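K.L.:
The following block contains the structure, expressed as structure tokens.
The values are calculated or read from the model by the stated rules, or taken from the named source; none is laboratory data. Treat the numbers as computed from the prediction; the structure is a model and nothing was measured. Glycine also receives a Cβ, built like all others from the backbone with ideal geometry; neighbour counts cover every protein chain displayed.
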Amino acid sequence: MTDFLQLLFSGLATGAIYALAALGFTLLWQASGTINFAQGEFVMLPAFMMLGFMSLGAPMLVSFVLTVLLAILVLGWVFKRGVVDPLFKYGMMPIVVATIGLSIFMRNGVRAGYSAEAHPFPSLFADKLFNIAGVTVTLQDIGTFVLAMAIVMGTQAFLAKTVTGRAMQAVAQNTESASVLGINVPRMIFYTFAINAVLAVAAALLVTPTYLAKFDMGEGLGNKAFFAAIIGGFNNSRGALVGGLLVGVCENLAAAYISPAYKDAVALVIFMVVILFKPQGLLGKKEERKV
């Protein structure tokens, strides 16, 4: 039982990171009908940005803030204006192909321009262990879970409680009606891309200390986040949280009780089961959507 609880806590920490990346998938889909298959690389690139700033002597917090600003520009504005906007009128498939190509370009660009080796990344949390009722939990796991959950819940509160957040949700539900009501649709869509960039930087800050900064670190993370978003419900941002936590816990348990070789296949198996019995996802709803 003790081992199970330790695996559960560790899986929740990993799943919370998946939820951050999955939330970006759902937000972009809801607001603009965009599926970004470079989402994993959107987490990888900020990790190297922060390493670059820290190598110049900037403290971690300063590096994080500078990376957020740079990510909003590059992964938000440039991505939207340079990739999504020109292709959107041609339908979804060109955007899918373009983002797949972008992910390959980003991986190989970092490998050629920075390094092909894995680089250590400093952690926000001290290397400390806690023993709670016989269960050993690291401060890294606790801190990662709490901070990731706070960011996800904060994003949810922003969308539900603020005027801007409600306007973004109105755009997500029906862009034509939102425009008639006087909402600046292009601005709300850009805010969604900007939020996605910030979530990617936060995910990079939390995941990189454990998995190291590698040019291909985003490949597996992006796939699992995509599956988590679909498992939870692509049209429900809360579903990203449920899907992320479910994938994180189940892959931890599978690695321990079945075989580590099956760990990376867990998300795919859960995805296939959910799609077969509830195609709209666990929290998703069947709906028709106009863009």
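K.L.:
Right, V201: in contact with a Leu (Cβ under 8 Å, 6 or more places away or on another chain), among the aliphatic types (A, V, I, L, M) and in a helix (DSSP H, G or I) or not?
P.N.:
In short, no.
K.L.:
Can I ask one more? Go through N235, N223 for me and flag whichever is at pLDDT below 95, polar (S, T, N, Q) and in contact with a Lys or Arg (Cβ under 9 Å, 6 or more places away or on another chain).
P.N.:
N235
K.L.:
Right, something else. Looking at Y211 and the list (1) touching a residue at least 24 places away in the same chain (Cβ under 8 Å); (2) under 24 Å from L268 (Cα atoms), which single condition is not satisfied?
P.N.:
(1)
K.L.:
Checking the conditions here, which among E219, E176 is surrounded by fewer than 20 Cβ atoms within 10 Å (Cβ to Cβ), assigned to a helix (DSSP H, G or I) and in contact with a strand residue (DSSP E or B) (Cβ under 9 Å, 6 or more places away or on another chain)? Spell out how you get there, then give the answer.
P.N.:
On the way: E219 fails: in contact with a strand residue (DSSP E or B) (Cβ under 9 Å, 6 or more places away or on another chain).
Of the residues listed, the single one that is surrounded by fewer than 20 Cβ atoms within 10 Å (Cβ to Cβ), assigned to a helix (DSSP H, G or I) and in contact with a strand residue (DSSP E or B) (Cβ under 9 Å, 6 or more places away or on another chain) is E176.
K.L.:
Considering only segment 147-166, I want to know if a residue exists there that is more than 19 Å from the chain's Cα centre (by Cα) and either farther than 24 Å from A19 by Cα or in contact (Cβ under 8 Å) with a residue 60 or more places away in the chain (or both).
P.N.:
So far as segment 147-166 goes, yes, one or more of its residues are more than 19 Å from the chain's Cα centre (by Cα) and either farther than 24 Å from A19 by Cα or in contact (Cβ under 8 Å) with a residue 60 or more places away in the chain (or both).
K.L.:
If you don't mind, there's one more thing I want to ask. Could you check G182 against (1) outside any helix (DSSP H, G or I); (2) touching a helix residue (DSSP H, G or I) at 6+ places or on another chain (Cβ under 9 Å) and say which number it fails?
P.N.:
It is condition (2) that G182 fails.
K.L.:
Sticking with this one: Could you list all residues from segment 132-146 that are over 29 Å from M54 (Cα atoms), touching a residue at least 24 places away in the same chain (Cβ under 8 Å) and either assigned to a loop (DSSP other than H, G, I, E, B) or not hydrophobic (A, V, I, L, M, F, W, C) (or both)?
P.N.:
Residues satisfying the conditions are G134, T136.
K.L.:
Take N196 and decide whether it is surrounded by fewer than 24 Cβ atoms within 10 Å (Cβ to Cβ), in a helix (DSSP H, G or I) and not hydrophobic (A, V, I, L, M, F, W, C).
P.N.:
Answer is no for this residue.
K.L.:
While we're here: Given the structure, is F226 under 30 Å from L51 (Cα atoms) and not in a helix (DSSP H, G or I)?
P.N.:
On the way: under 30 Å from L51 (Cα atoms): yes; not in a helix (DSSP H, G or I): no.
Answer is no for this residue.
K.L.:
Tell me, please, whether a residue that is within 26 Å of I189 (Cα to Cα), under 21 Å from the mean Cα position of the chain (by Cα) and touching a residue at least 40 places away in the same chain (Cβ under 8 Å) can be found in segment 105-121.
P.N.:
Looking through segment 105-121, at least one residue is within 26 Å of I189 (Cα to Cα), under 21 Å from the mean Cα position of the chain (by Cα) and touching a residue at least 40 places away in the same chain (Cβ under 8 Å).
K.L.:
Within segment 116-131, is there a residue that is closer than 21 Å to F234 by Cβ and of a type outside the set (S, T, Y)?
P.N.:
Within segment 116-131, none of the residues are closer than 21 Å to F234 by Cβ and of a type outside the set (S, T, Y).
K.L.:
Does any residue of segment 147-170 turn out to be assigned to a strand (DSSP E or B) and either surrounded by fewer than 15 Cβ atoms within 10 Å (Cβ to Cβ) or at pLDDT 90 or above (or both)?
P.N.:
no
K.L.:
A follow-up question, please. How many residues are of a type in the set (V, I, T) and modelled with pLDDT of 90 or more when one looks only at segment 92-138? Before the answer, list the steps.
P.N.:
Step one: filter segment 92-138 for residues of a type in the set (V, I, T), giving 95-97, 99-100, 104, 110, 132, 135-138.
After this cut, where a residue has to be modelled with pLDDT of 90 or more as well, the list is 95-97, 99-100, 104, 110.
Total satisfying the criteria: 7.
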